[in-house]
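Report on the following structure.
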Amino acid sequence: MTNDDTPMTDGGTDAEARTDGGPPATVPPDDETPTWSERKEHSRGLAQLTYQYFERSRREDEDLRAESTYVERDVLGFPTWPHETLRNLAITSFFVGIMILIAALMPAHFGEPANPGSTPAIILPDWYLYWSFGLLKLNPLNPELAVLGGNIVMSNEFLGIVAHGIVFGFIGLVPFLNKGSARRPVEQPFWAAVGVTGVILAFTLAALAIQNFFPISLDLLLTLTFMLPVLGGILTYAVLKTMREGYMYDLNRRYYMLRPPK
Amino acid sequence: MSLKKQDEMDHNAWLKKQDLTVIETAFLTTLIWLDKRLRIVDYLELLETMYYRANLQMPKSHTEQYDLDNKFWYWYPLYSLGSLSIVAYLVAAVSGALLGFYYAPSTAGAAAQGDPTAAYDSLVFIMKDVQFGYMLRSIHRWSAQFMVAAVFLHMLRVYFTGSYKEPREVNWILGIVLIGLTLLFGFSGYVLPWKQLSFWAAQIGVEMALATPLVGEWAAQLLFGGFTLGQATLVRMYILHVFVLPFVVTGLIALHVGIVWVQGIAEPH
């Protein structure tokens, strides 16, 4: 009968066509995980670049650790488990109780069936979209933005959508604009002021959305919508700047000991 | 030669040699039976490792940890808002699934403009006839309100304590996406009862979409099923609310929490 090593018609042998897998094709040398530099040598192109970076990053870690003069840093981050998780479970179960209590005391409102033929006098989304609805009512601003001989650049509705983009875009950029190790509002009065401005703006925009309920003229309301947040921001900045002196001693003593500024 | 295994790992023989109570024998027999099939021992080992790594101890408050006098910023609920929004999300998911048994996403049944549609009628049915239905809808709605409120306050807490800073930028942006999706969740849910305010809120949505150049009409077709509201709008909002968003939001929440887990809670001050 045929031997395993006898060449077959396609030139191969039965030994090559073994179905039991045969000896493993690649045996990791002495049963150890290859180091990043070994993997680097065995690869090329993007993979090699990746391993090259891993090698550098590992070396950087080791160097930094060796150079560090800080014997022990007390807390790097708070463990998610069990500290945060246990406390959060306790507090959130309390809140779920409150939620169900409120659901029982204040049942959901239910209105008339939809009628495409009659527009209701007051159209409002849920409260959490008031700010968004307020952004759609910025059309009195539109002529102010006009260029090219008074032609309106974009439609009033599109202005509202652009405003949404600006709001979300700015919020997304915050971590890239505000850097450094400062964490408390007193440490960074400017960014705290920006935050307060944003919060007040959300409320004034909500007020703009339900403008029918305010017995003041639209011009005044629109002015207040943008002036109140700025005023609030300035006030916050002033207060925090004043508070800062008093806090510096404590901050230096306790806080920067844990997280030395770079 | 006997076909019976003469293995030194003959667990049954070992079991017989022991002097065990009935409960112990039953437990071990079950364990061995399952382990032979599922290799439970591997998973138990993993669990054990995780247990010891968890370094169990009673949680310390932030103030205790840092020996601080000023308690104002360490007010606990502010640090639990993320969890609260997840729990509210779970409550909304469970109550929503129960509501889904009775809800019909259909505008059929209105003889004239302004008549109740099938969707509206199914809500009336839930509120008037279904046992506990009134409470169920109330719980669903309030858990949604709680979730949105918690998510907003969570963002404020993260902002004012500077927790979004390097290396947590990615999670901040993920959080913004999650807020947007939460609002979309709320909006699509608001449309489902097909009452007057639902209809006109959706109308504003369509008008916003149509005002956008280039992609606006395409977006209106995709989300609202056309430029005028009707059956297609309701079904699309329904699918968005009960199929698309739950998967996407659950996945993103898992990613969001996973990144927090990997990076550790931002060092509280």
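The values are calculated or read from the model by the stated rules, or taken from the named source; none is laboratory data. Small disclaimer: the values here were computed from a predicted structure and weren't measured. Every residue, glycine as well, gets a Cβ built from its backbone with ideal geometry; the counts of neighbours run over all protein chains shown.
Some notes on this structure:
- Pairs, first more than 7 Å from every other protein chain (Cβ to nearest Cβ) in the stretch A:166-188, second at pLDDT below 90 and surrounded by fewer than 18 Cβ atoms within 10 Å (Cβ to Cβ), C-beta under 6 Å, six or more apart: A:SER181/A:ARG259; A:SER181/A:PRO261; A:VAL186/A:MET243; A:VAL186/A:ARG244; A:VAL186/A:TYR247
- Of everything listed in (1) more than 23 Å from the chain's Cα centre (by Cα); (2) more than 7 Å from chain A (Cβ to nearest Cβ); (3) within 28 Å of B:GLY230 (Cβ to Cβ), the single unmet condition for B:THR117 is (2).
- Only one of the numbered conditions (1) at pLDDT 75 or above; (2) out of contact with any Leu (no Cβ under 7 Å at 6 or more places or on another chain); (3) surrounded by 12 or more Cβ atoms within 10 Å (Cβ to Cβ) is not met by A:ILE122, and that is (3).
- Restricting A:LEU159, A:LEU136, A:LEU148 to those that are modelled with pLDDT under 90 and away from every other protein chain (no Cβ under 11 Å) reduces the list to A:LEU148.
- Qualifying residue in the stretch A:55-73 (condition: assigned to a helix (DSSP H, G or I) and at pLDDT below 70): no
- Of the residues contained in the stretch B:202-214, one or more are found to be assigned to a helix (DSSP H, G or I), in contact with a Pro (Cβ under 8 Å, 6 or more places away or on another chain), within 11 Å of chain A (Cβ to nearest Cβ) and more than 30 Å from A:LYS179 (Cα to Cα).
- Criterion: within 7 Å of chain A (Cβ to nearest Cβ), buried (at least 20 other Cβ atoms within 10 Å of the Cβ) and either under 29 Å from A:ILE200 (Cα atoms) or modelled with pLDDT under 95 (or both) - qualifying residue of B:LEU178, B:LEU197, B:LEU156: B:LEU197
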